1. Limited to the stretch 448-498, what total is found for residues that are of a type in the set (Asp, Glu), more than 24 Å from Phe353 (Cβ to Cβ) and in a helix (DSSP H, G or I)?
2. Mind listing just one residue for me: the one in the stretch 415-434 that is not hydrophobic (A, V, I, L, M, F, W, C) and not in a loop (DSSP other than H, G, I, E, B) and, of those, surrounded by the most Cβ atoms within 10 Å (Cβ to Cβ)?
3. Would you check if there is a residue in the stretch 41-48 being modelled with pLDDT under 95 and among the aliphatic types (A, V, I, L, M)?
4. Restricted to the stretch 294-325, and to residues that are closer than 19 Å to Val266 by Cα and in contact (Cβ under 8 Å) with a residue 40 or more places away in the chain, which residue is farthest from the chain's Cα centre (by Cα)?
5. Kindly evaluate Asp350 against the criterion of being closer than 17 Å to Gly297 by Cβ and in contact with a helix residue (DSSP H, G or I) (Cβ under 7 Å, 6 or more places away or on another chain).
6. If I filter the stretch 228-244 for residues that are modelled with pLDDT of 95 or more, closer than 23 Å to Phe304 by Cα and of a type in the set (Lys, Arg), do I get at least one hit?
7. Just to check your reading of the model, which residue among Phe131, Phe167, Phe196, Phe172 is within 23 Å of Arg492 (Cβ to Cβ), outside the structural domain of Arg492 (by TED's automatic domain parsing) and modelled with pLDDT under 90?
8. Please find, within the stretch 445-471, the residue that is farthest from Arg420 (Cα to Cα) out of those that are among the hydrophobic types (A, V, I, L, M, F, W, C) and buried (at least 18 other Cβ atoms within 10 Å of the Cβ).
Amino acid sequence: MLKRFFIFAFLFLSAKLISAQPDSTLLKGISLSYDLQFAKAEKIFNDEINIHPNSPEPFYFLARNYLWKYLGNRNEENAIILNKYLTLTINKAQAQLDKGEKTEWNYYYMGSAYLLKSAESSAKGKSMQAFWDAKKSVSFFKEALSVNPKFNDALLGLATFSYALSFTPGVFKIALSLSGLDYDKEKAISFFKRAFKKSLISKDEAAFHLSKIYLEYLADYDSASYFVNPIVKKYPQNILFKYLKALILIEEKDLKSAEKVLTQIVKSKNKDLLQTVAFSYFLLGDISFKQNNFYEGVKYYEKFFKSTRIVDFLGYVNLRAAIAYKMIGNENKFHYHLQLCSLGNEHIPDDAFASYASEYYSANGFTKQDSLLQILWNFYESGQLDKGILSAKNYLKEFKNAERKAEALTVEALCNFDLRNYSETIALAKDALRGNFKFKKWLKTTNQIITAYSYYFLQKSEQAEKYLEEAEASNDSFYKNKLSAKINRLKRKLNETE
């Protein structure tokens, strides 16, 4: 009997130490949170607090919701509430740890709380505080894994930091290494995939991150859609998931479908993610712009200017608005918006280019050749490929400037590439590469990339590798990361064939 008692006591203690896994009620609150039904979720979490006042779980999930709200509308009241719940989460989890309940879940909530703190500090531009919070977060996630190596939810946090920190400039990566923080994209992708397949509560968030990675880092739009489409269907009110889907559709040049998704977002009138709504107005403007409907484009751009709460993309949208007004003959508005192109976030490639382009156009003007090139780009980016090719051939005689002519050839090459005319693509891209791209430096790399891909699809791997190496060597422009995604994808394809 005594032996049976000790076995029972051991089992009970073990169950108690592992009992921090969210129960079905909390899981319902988490699901409602992903669907952005914050009021309903908050009621569930508050009920849980009344039942389990010493548990860190409901406090953490409330904190996470308020971080999403803060990032979505930059309302400082949400930041205050966020920090209140973060403090409670950390205090409750630490109290459990101090009592000897060193479970993977208690370490997980500590790590997750500091992850949220790091995200808030980063959003406020407090880089050093974000760094120290990240360091604490990673240490707690690693503790969780030391308790239970199969605890895959902790991998989501480690992957989040490893992927984000991989974009740190090389000069600072030595400091990261000394601090013990990883910055390996491939390792991060592996962790995200394990979290997606085997985690208990992190699958949907892992799917979101993987979709973004396949969009931004690997330019693999099929895989990006594979991960985002199920969570869009599962959480129909989550406009952030829908926004990501719209970005993928735009890259695929399916503007009609993207417009439908973005219209759903702006009609949702979501008050918690107002910035996502603002960005949707920007993308709706760009869809009209790419269809050469400049009058409609400026209407959406003006809505973006009225609704945005941050400087991100403010410079780029001013550049697009300036060009759109120029295309419809409004010189005053063209110059007005051109002067505002430096207002964006200099760390965002589109904003950095907008500031640079505004100086160029102010000094050189926006000429007839620039207008013709914009129309060509719009044919390509809206998927009107045959029209783009025909127009490029017809306009070519208009371009007296060698760089402008090379840009027109680039558009024609890109249209042919999308139509899988690979031999024609190679000929046009090589012709374009004879030009000297000074204003849009990334076009040199673009031509090298599509040449490499074309050779790959023609099963000429040696030539593909040659142009891929040239693309990597020349890839030093505002759009370095975006072009790196295309380079990375072809690298993977070439490795698979070896």
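1. Initial filter on the stretch 448-498 (of a type in the set (Asp, Glu)): 462, 465, 469-470, 472, 476, 496, 498.
If we keep only those that are more than 24 Å from Phe353 (Cβ to Cβ) too, we end up with 462, 465, 469, 496, 498.
Right, trim to in a helix (DSSP H, G or I) and you get 462, 465, 469, 496.
Going through the stretch 448-498 one residue at a time, the tally reaches 4.
2. Here the answer is Thr425.
3. no
4. For the stretch 294-325, the residue satisfying everything is Arg309.
5. Numbers: closer than 17 Å to Gly297 by Cβ: yes; in contact with a helix residue (DSSP H, G or I) (Cβ under 7 Å, 6 or more places away or on another chain): yes.
For Asp350, the condition - closer than 17 Å to Gly297 by Cβ and in contact with a helix residue (DSSP H, G or I) (Cβ under 7 Å, 6 or more places away or on another chain) - is met.
6. The answer is yes; a qualifying residue exists.
7. The match here is Phe167.
8. So the residue we want is Ala471.
The values are calculated or read from the model by the stated rules, or taken from the named source; none is laboratory data. Nothing here was measured: the structure is a model prediction, and the numbers come from that model. Here the Cβ is made from the backbone with ideal geometry for all residues, glycine too, and neighbour counts use every protein chain on show.
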